[in-house]
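The next block holds one structure in the form of structure tokens; read it before the comments.
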Amino acid sequence: MKLGPQDFPRLQWSLLAATLMLALGATAVYFAFNAMQTATRERAAAQATWKETDSKLKQVRNEENEIKHKAAIFKALQTRGMIGEEQRLEWVELLKEIRDAHRLIDLQYEIAPQRKLDTATVSGFAFYSSAMRMQLKLLHEEDLTRLLDDLRNRAKALIQVKRCDVARLPYSTGSSQTAQLQADCQIDWITLREDKDAQAKEQGK
């Protein structure tokens, strides 16, 4: 089929309509593509915001749990009387009670002046230690373990045994209550109290 000049006026409207349809289709694709990109960016931003919020929430929960844990430890130490100034007189009385309760033959000790441990302060509190050298004569090694257990359970301080040297005494033909062993121990009595120097530095910041 051949087209003549008389057919062009009729075709131009069809061509114009086709061109318009193509333009509308291209415009729709363009806007759809832009809308998809915008939605993708908004989704990514929403996910990033959610992740950031979730991370902060987890951090707050972890900090809250840490505070509760520290508060529980502080309460336990406070209940044991381990917070505040050292109770040296009570320590001496406790040693006497343990000596009498276990009928120890001989118990001698010497407590050195208190010193601050080389550790960082915690919320204005610091650990302090009083070193004690303890020498005692024993019938059995169990006498020493019972003594140390009583100290750990009853002392208003954290008991840290640095060393304990036990040596056998020369054999004696005397009474069955004669000491068989001699112990030489180094024990740290550790307490927690306010560090006024650290508090002053924090207030000065």
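The values are calculated or read from the model by the stated rules, or taken from the named source; none is laboratory data. It should be emphasised that the depicted structure is a prediction, and the values quoted were computed from it without experimental measurement. Because the Cβ atoms are built from the backbone with ideal geometry, glycine has one as well, and the counts that use them run over all protein chains shown. Quick note on the areas: whole protein, heavy atoms, side chains included, nothing else; ligands and nucleic acids left out. Shrake-Rupley method; radii C 1.70, N 1.55, O 1.52, S 1.80 Å.
Step by step: first the residues of region 93-113, then only those that are acidic (Asp, Glu) and within 35 Å of the chain's Cα centre (by Cα), then the one that is farthest from Tyr128 (Cα to Cα). Which residue is that? Don't jump to the end; show me each part of the working.
Our first condition is that a residue be acidic (Asp, Glu); within region 93-113, this holds for 93, 97, 100, 106, 110.
Now narrow it down to the ones that are within 35 Å of the chain's Cα centre (by Cα): 93, 110.
On the way: Glu93: 21, Glu110: 17 Å.
Taking the candidates together, the pick is Glu93.
Could you count how many residues in region 129-147 are farther than 14 Å from Thr191 by Cα and surrounded by fewer than 18 Cβ atoms within 10 Å (Cβ to Cβ)?
Start the filter on region 129-147 by keeping residues that are farther than 14 Å from Thr191 by Cα, which leaves 133-147.
Filter once more, so that each one left must be surrounded by fewer than 18 Cβ atoms within 10 Å (Cβ to Cβ): 133, 135, 137, 139-142, 145-146.
Residues flagged as farther than 14 Å from Thr191 by Cα and surrounded by fewer than 18 Cβ atoms within 10 Å (Cβ to Cβ) within region 129-147 amount to 9.
Can you say whether Ala126 is under 30 Å from Ala76 (Cα atoms), modelled with pLDDT of 90 or more and open to solvent by less than 70 Å² (accessible area, probe 1.4 Å), as far as the supplied structure shows? Quick ask: steps written out before the conclusion?
Values: under 30 Å from Ala76 (Cα atoms): yes; modelled with pLDDT of 90 or more: no; open to solvent by less than 70 Å² (accessible area, probe 1.4 Å): yes.
When the stated conditions are applied, Ala126 does not pass them.
How do the pairs read when you match residues in region 153-166 that are free of Cβ contacts under 8 Å to residues at least 24 places away in the same chain and under 16 Å from Met134 (Cα atoms) with residues anywhere that are open to solvent by less than 80 Å² (accessible area, probe 1.4 Å) and among the charged types (D, E, K, R), using Cβ under 9 Å and keeping only pairs 6 or more apart or on different chains?
As it stands, the answer is Arg163/Asp184; Cys164/Asp184; Asp165/Asp184, since those pairs meet every condition given.
Name the single residue that is most open to solvent (accessible area, probe 1.4 Å) among those in region 65-118 being in a loop (DSSP other than H, G, I, E, B) and at pLDDT 90 or above.
Kept after step one, since they are in a loop (DSSP other than H, G, I, E, B), are these residues of region 65-118: 80-82, 84-87, 102-105, 112-114, 117-118.
Subsequent filtering for residues that are at pLDDT 90 or above retains 112-114.
Details: Ala112: 39, Pro113: 109, Gln114: 53 Å².
Across region 65-118, the extreme among qualifying residues is Pro113.
Scan region 129-157 for residues that are hydrophobic (A, V, I, L, M, F, W, C), modelled with pLDDT of 90 or more and under 13 Å from Arg99 (Cα atoms) and jot them down.
Answer for region 129-157, where residues must be hydrophobic (A, V, I, L, M, F, W, C), modelled with pLDDT of 90 or more and under 13 Å from Arg99 (Cα atoms): Met134, Leu136, Leu144, Leu147, Leu148, Leu151.
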